[in-house]
Amino acid sequence: MTRDGGDTMATGAYATVPEPTPRHAVEYVRRRLAAWWETNARDLPWRFGRTTPWGVLVSEVMSQQTQMSRVVPYWSAWMDRWSDAAALAAAPKADVITMWGRLGYPRRALRLQECARVVSAECGDELPRTYDALVALPGVGDYTASAVMSFAYGERVAVIDTNIRRVLSRVFLGEESRGGAASPAERALADEVLPKDASRSVTWNQSVMELGALVCTAKNPLCGHCPVAGECAFLAAGRPGLGERRTRPRQRFQGTDRQVRGLVLEALRRLPEGTGVLERATVESLWKDRDQLDRCVAGLDEDGLIELLPGGDVRLPE
Ligand code: SF4
């Protein structure tokens with residue numbers, strides 16, 4: 001589970017360790033971003049200490065591959081229904097898949113429930129407080145563990161996601177970040193510019209990420225409205241190769257297996273309560289290409305997202 005996608009970048013993007021970043025530039029960017037965060041941070045319900053560490057983890061899992069603004073109604077309904085790991089662990093799978101709704105990549109929902117079962121059964125329903133214990137949970141990778149350590153527990157940990165990589169690379173190196181996993185040099189830069197004070201480090205992680213989401217976007221960075229434009233090496237260099245090295249090309253959706261799988265799941269979610277089973281004839285009406293449809297139904301069954309019944313009817317798992 002990762003926001004970063006593939007692993008094609010063992011070398012290349014920053015094959016050499018960059019020069020140490022000038023102190024005055026780092027301090028300027030920290031101060032400007034902290035002030036910007038004060039007045040521009042979105043009021044998301046899992047921020048500002050208003051939820052539990054478990055709620056923070058749920059928000060991070062939901063936000064992978066889905067915009068935070070879209071996540072809000074799903075997160076709120078989810079936490080209303082299953083406020084902690086024990087509640088989610090005990091939920092029927094069909095309800096978990098239904099509540100995931102149109103967030104996309106529904107296997108994340110099942111992984112989150114697996115995680116909830118471990119937290120509930122082995123950790124006394126308390127999310128672990130160390131990075132190593134977090135990253136050992138089902139479906140929790142480096143990004144999610146770091147985000148929970150920083151945002152939920154206030155620890156000094158460099159959080160590295162696509163937005164943060166893009167902003168740091170532009171501001172301090174003057175170039176676009178590249179795709180693939182974060183390189184050692186990118187991690188070194190993230191550690192170097194992270195404030196030493198734990199509380200400031202949390203604000204830093206959140207504000208850099210927020211700047212990447214709202215201002216320093218991949219294709220159209222709003223440099224004219226950017227609080228750190230005065231020390232941005234990328235802007236000073238004339239924004240070389242803007243958008244060329246996007247972390248991942250935008251994925252086509254129309255006609256893909258993802259679309260077909262989504263149609264089948266959506267039809268199951270929409271069944272009147274108590275019906276439960278989608279008949280084969282209805283499944284066949286969802287998509288013209290029978291081979292693709294059958295492949296997708298079989299894939300959903302293999303992934304544990306549906307149950308394929310004799311005769312071709314399908315239902316959500318128990
Ligand atoms: S000045 Fe432009 S490129 Fe630099 S951080 Fe701000 S929005 Fe991004």
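Below is a table of values for the structure above.
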read-out: Debye-sum result for region 257-315 in log10 I(q)/I(0), which assumes one identical scatterer on each alpha carbon, at q = 0.23 Å⁻¹; value: -0.88
read-out: Square roots of five times the Cα gyration tensor eigenvalues for region 88-152, Å; value: 21, 15, 9
read-out: For the chain, built as a Gaussian network whose Cα springs stay under 10 Å, the top-fluctuating residue of PHE172, PHE151, PHE48; value: PHE48
read-out: Calculated P(r) tail over 19 Å for region 180-318, as whole % of Cα pairs; value: 67
read-out: GNM top mover of THR51, THR256, THR275 - the chain, alpha-carbon springs below 10 Å; value: THR275
read-out: Residues ALA34 and ARG290, FRET efficiency given R0 of 51 Å [Cβ-Cβ distance, rounded to 0.05]; value: 0.35
read-out: Rounded FRET efficiency, nearest 0.05, which uses the C-beta distance separating GLU122 from ARG252 and R0 of 45 Å; value: 0.65
read-out: For region 153-167 versus region 259-309, the gap between their alpha-carbon centres in whole angstrom; value: 38
read-out: The chain - accessible surface per residue (Å², probe 1.4 Å); value: 48
read-out: 3J(HN,Hα) from dihedral phi, region 210-223, Karplus parametrisation 6.51/-1.76/1.60, rounded to Hz, x for glycine, proline; value: 5, 4, x, 7, 10, 10, 8, 7, 4, 8, 10, x, 8, 4
read-out: Estimated inter-spin distance, ALA136 and GLU279, nm [label 7 Å along Cα→Cβ]; value: 5.1
read-out: Whole-percent carbon and sulfur share, accessible surface of the chain, 1.4 Å; value: 50
read-out: In degrees, nearest ten, helix 107-122 long axis to first principal axis of the chain (Cα); value: 80
read-out: Calculated FRET value between LEU214 and LEU242, using beta carbons and R₀ = 25 Å, to 0.05; value: 0.90
read-out: Cα-based Kirkwood hydrodynamic radius, the chain, one decimal, Å; value: 21.3
read-out: Packing-based ranking, highest mean first, of 281-292, 112-123, 25-36 given that Cβ atoms within 10 Å are counted; value: 112-123, 25-36, 281-292
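The values are calculated or read from the model by the stated rules, or taken from the named source; none is laboratory data. Just so it is clear, the model here is predicted, and its values are computed rather than measured. Don't worry about glycine lacking a Cβ; one is built from the backbone with ideal geometry, like all the others, and counts go over all protein chains shown. Note: areas computed on protein heavy atoms with side chains; ligands, DNA, RNA excluded. Shrake-Rupley method; radii C 1.70, N 1.55, O 1.52, S 1.80 Å.
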